[in-house]
Amino acid sequence: MKLTPPAAVRSFLGSVRRVFTVFFRQGRKARRTRFFFLLSFIPVAVSLVIKFNQIFSGKPGREGDFLFTNLIMLFYLQMIILILALFYGTSVCSEEVEGKTLPYLITRPVPKAAVVLGKYAAYTAVMIGMVTLGLVFSFIVLNLDRLLDPSLYGQLGRYLGVLILGLMAYGAFFTFFGSSLKRSIFFGLLFSFGWENVIQYFPGSTQRLAIAHYLKSFLPAASPGRFSFLTFRLEPTRPGLALLMLFAITAAFLTLACLFFSKKEYSLED
């Protein structure tokens, strides 16, 4: 016997899907997306400079996987995904207030929670597309001489998965910021480049108060004799628990964002 969800659930999911379709299309064509697309390709430019320098200098330099882990992933994990998640996440709710489009949403038969979830999913998909392209191109450039090595692609898949989890968790967190705080960008910047970039290097259980800690727990440990910027002072959480924590963070802050956006009385001056 085939089980079908109740009509209310089907209607809600249909609303989420419609919101996703509209805002995914708008998100791809938005002016800010072009700017952030260029930002996400800065590591590709850095990779090209490194590779050309190695070729024309005649010196082998560091191997591609070392540079990819310690330079490119550092750039993506501790800067790019934070910036993308901050600006897209906070805009999920705040742009409706600041753009004075909230009254139009309220008058339509679409639950506010569906608006939050649909826009979050759409903007997350846009961010994942940008990050995936930049990461793959950086990987190819730095490993041109080893592209036939199948073990490299497992590494690429792991790193891409870590960034996708980061975009989901940070995006949900900043969506909550945008739904509940004025000046959410300001507080998001304080969190991203203050708390999040400092607390993860504290010893002991304190570092587990950073989302970055759970993301870095999926990364391979540094090889003996090789300094790794990403795993410096890291006391990793088991991958299974880290994955559970990231999903719990995402679900908890999305739920809070939906509740705030649904219950809070916004004014056009907010």
On a full-extension model of 0.36 nm per residue, what is the gain between Lys182 and Leu133, subtracting their alpha-carbon distance, rounded to one decimal in nm?
14.3 nm
Can you work out ³J(HN,Hα) from phi for every residue in region 184-192, in order, using Karplus 6.51 cos²θ - 1.76 cosθ + 1.60 and θ = phi - 60°, giving whole Hz and x for Gly and Pro?
5, 4, 4, 5, x, 5, 4, 5, 5
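Cα convex hull of region 11-263: how many Å³ per residue?
140 Å³
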Please give, to one decimal in nm, the separation of the simple spin-label points placed at Ala251 and Thr21, each 7 Å out from Cα toward the Cβ.
2.8 nm
Which ³J(HN,Hα) values in Hz, rounded to whole numbers, follow from the phi angles of region 158-167 under the Karplus curve 6.51 cos²θ - 1.76 cosθ + 1.60, where θ = phi - 60° and Gly and Pro get x?
5, 5, 5, x, 4, 5, 5, 4, x, 4
Largest-first semi-axes in Å of the equivalent ellipsoid built from the Cα gyration tensor of region 1-56 are 45, 17, 6
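Rank the residues Lys29, Lys51, Lys119 as a footprinting-exposure proxy: fewest other Cβ atoms within 10 Å of their Cβ go first.
Working: Lys29 9, Lys51 19, Lys119 26.
The most exposed by this proxy come first: Lys29, Lys51, Lys119.
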Of all C-alpha pairs within region 138-190, those more than 17 angstrom apart amount in percent to 55 percent
Which of Cys258, Cys93 has the fewest Cβ neighbours within 10 Å, and the rest in rising order
Cys258, Cys93
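What order do you get for Tyr153, Tyr123 when you list them from fewest to most C-beta neighbours inside 10 Å?
On the way: Tyr153 12, Tyr123 27.
If I rank by nearby Cβ atoms, fewest first, I get Tyr153, Tyr123.
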Label-point gap, in nm, between Ile42 and Tyr153 - each point 7 angstrom along Cα→Cβ
3.1 nm
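Computed from the coordinates by the stated procedures, all read-outs in this text should not be read as laboratory data. Worth saying up front: this structure is predicted, and the values here are computed from it rather than measured. Quick reminder, even Gly has a Cβ in these numbers, built from the backbone with ideal geometry, and neighbours come from all protein chains shown.
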